[in-house]
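Chemist: Just passing along the structure, written as structure tokens.
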Amino acid sequence: MLKQRILTALVLAPLALVGLFGLTEGGFALFTGAVVLWGGWEWANLSGVEHPTQRLAYVASLVTVMILAWLGGVVQAAWPLWLGAIGWLISGYWVVRYPRSSDQWRAPAVRLTMGVWVLLPCWIGFNQLRAIGSEWLLYVLLLVWVADIGAYFAGRRFGRRKLAPRVSPGKSWEGVYGGMVATALLALLFASWLDMGTAQGVWLVVATLIVTLMSVLGDLLESMLKRLRGIKDSGCLLPGHGGILDRIDSLTAAIPLFALFRLWG
């Protein structure tokens, strides 16, 4: 399993770097759109839609919305990010109250709708961050990566209090705190690198801590859906890593929120 994970990472890492930082505006939108749409294919399965034709219909609906958003200039608007933020507040409520809340969202139609506010704002956020500056796209990717590493080591060393035992038994509050400490240090380093002023640096640290918490929610939401479906991974596209959603679950929450913070800042 470890060998598979390493080999897959060695193949995917350069492809991801070229796709995220080496493409023009339209190419970047197509690349991130393809990733999000594959996530939509897997999300349909998490929603209880198993027939391939029905899953393709869901992906096709996402494609239609994305094309209309691109042609209509919506991809540069802030309101889809706000709608996504509202959707994540609802998702957070369901995660906190799981399994009591499951009757409110277990219907496939509700889960499919949930996927719309999870996936589309993520794609829009990707494109807006790229337009603002590639350094901010790099930053939010590092943020999620550093948060995962900090949470992993802090959780293993200090983990005592379970974060959401009914959703993801392996996560602890100590792991969350470790991830926040790690990303706060990242924010300070990034602020120093960009020669930010004190007010901007403080704003970046505060935004980073909030986005770090949101990235945890992205992970928990997918775990909740997988638990209801009784599956371990969202898919099998990436050997040793599971599916696309298993790799971008934290980003689906972090990207649109950080894009909002950058628009404010």
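The values are calculated or read from the model by the stated rules, or taken from the named source; none is laboratory data. All values derive from a computational prediction rather than experimental measurement. Backbone-built Cβ (ideal geometry, glycine too); neighbour counts: all protein chains shown.
Chemist: Any residue at all in region 71-82 that is of a type outside the set (D, E, K, R), crowded, with 19+ Cβ neighbours inside 10 Å, in contact with a Pro (Cβ under 9 Å, 6 or more places away or on another chain) and under 16 Å from Trp117 (Cα atoms)?
Modeler: Restricting attention to region 71-82, the residues satisfying the condition of being of a type outside the set (D, E, K, R) are 71-82.
Checking which are crowded, with 19+ Cβ neighbours inside 10 Å leaves us with 75, 80-81.
Restricting the remaining residues to those that are in contact with a Pro (Cβ under 9 Å, 6 or more places away or on another chain) gives 80-81.
After this cut, where a residue has to be under 16 Å from Trp117 (Cα atoms) as well, the list is 80-81.
Within region 71-82, one or more residues are of a type outside the set (D, E, K, R), crowded, with 19+ Cβ neighbours inside 10 Å, in contact with a Pro (Cβ under 9 Å, 6 or more places away or on another chain) and under 16 Å from Trp117 (Cα atoms).
Chemist: Residue by residue through region 71-85, note down the ones that are in contact with a Leu (Cβ under 6 Å, 6 or more places away or on another chain) and in a helix (DSSP H, G or I).
Modeler: Residues of region 71-85 that are in contact with a Leu (Cβ under 6 Å, 6 or more places away or on another chain), as a first pass: 78, 81.
Listed by number, the list holds a single entry, Leu81.
For every residue, the table says whether it meets (1) touching a Phe, Trp or Tyr at 6+ places or on another chain (Cβ under 9 Å); (2) in a helix (DSSP H, G or I); (3) over 25 Å from Gly230 (Cβ atoms); (4) not aromatic (Phe, Trp, Tyr).
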{"residue": "Met66", "(1), (2), (3), (4)": "yes, yes, yes, yes"}
{"residue": "Ala69", "(1), (2), (3), (4)": "yes, yes, yes, yes"}
{"residue": "Gly87", "(1), (2), (3), (4)": "yes, yes, no, yes"}
{"residue": "Phe126", "(1), (2), (3), (4)": "yes, yes, yes, no"}
{"residue": "Leu137", "(1), (2), (3), (4)": "yes, yes, yes, yes"}
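Condition check ((1) of a type outside the set (A, V, I, L, M); (2) at pLDDT below 90; (3) more than 17 Å from the chain's Cα centre (by Cα)) across all residues:
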position: Lys3; (1), (2), (3): yes, yes, yes
position: Phe21; (1), (2), (3): yes, yes, yes
position: Val35; (1), (2), (3): no, no, no
position: Trp41; (1), (2), (3): yes, no, no
position: Ala44; (1), (2), (3): no, no, no
position: Ser47; (1), (2), (3): yes, no, yes
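Chemist: Can I ask one more? I'd like the full set of residues that are part of a helix (DSSP H, G or I) and either touching a Gly at 6+ places or on another chain (Cβ under 6 Å) or surrounded by 13 or more Cβ atoms within 10 Å (Cβ to Cβ) (or both), limited to region 44-55.
Modeler: Ala44, Asn45, Leu46, Gln54, Arg55
Chemist: Looking only at region 158-214, count every residue that is closer than 27 Å to Tyr93 by Cβ, polar (S, T, N, Q) and either assigned to a helix (DSSP H, G or I) or at pLDDT below 95 (or both) and tell me the total.
Modeler: 4
Chemist: Among the residues of region 49-95, which ones are closer than 30 Å to Thr212 by Cα, among the hydrophobic types (A, V, I, L, M, F, W, C) and touching a residue at least 60 places away in the same chain (Cβ under 8 Å)?
Modeler: Those that are closer than 30 Å to Thr212 by Cα, among the hydrophobic types (A, V, I, L, M, F, W, C) and touching a residue at least 60 places away in the same chain (Cβ under 8 Å): Ala78, Leu81, Trp82, Ala85, Trp88, Trp94, Val95.
Chemist: Considering only region 110-161, state which residues are small (Gly, Ala, Ser) and in contact (Cβ under 8 Å) with a residue 24 or more places away in the chain.
Modeler: Just the residues of region 110-161 that are small (Gly, Ala, Ser), to begin with: 115, 125, 131, 133-134, 147, 150-151, 154-155, 159.
Within region 110-161, Gly115, Gly125, Ala131, Ser134, Ala147, Gly150, Ala151, Ala154 meet the criteria.
Chemist: Quick check: is even one residue across region 225-248 in a helix (DSSP H, G or I), modelled with pLDDT of 95 or more, in contact with a Ser or Thr (Cβ under 9 Å, 6 or more places away or on another chain) and not basic (Lys, Arg)?
Modeler: Among the residues of region 225-248, at least one is in a helix (DSSP H, G or I), modelled with pLDDT of 95 or more, in contact with a Ser or Thr (Cβ under 9 Å, 6 or more places away or on another chain) and not basic (Lys, Arg), which makes the answer yes.
Chemist: Report the residue count in region 172-193 for those that are polar (S, T, N, Q), crowded, with 18+ Cβ neighbours inside 10 Å and more than 19 Å from the chain's Cα centre (by Cα).
Modeler: Residues in region 172-193 being polar (S, T, N, Q), crowded, with 18+ Cβ neighbours inside 10 Å and more than 19 Å from the chain's Cα centre (by Cα): 1 in total.
Chemist: Restricting to region 105-124, count the residues that are assigned to a helix (DSSP H, G or I) and of a type in the set (Lys, Arg).
Modeler: The number of residues fulfilling the criteria is 1.
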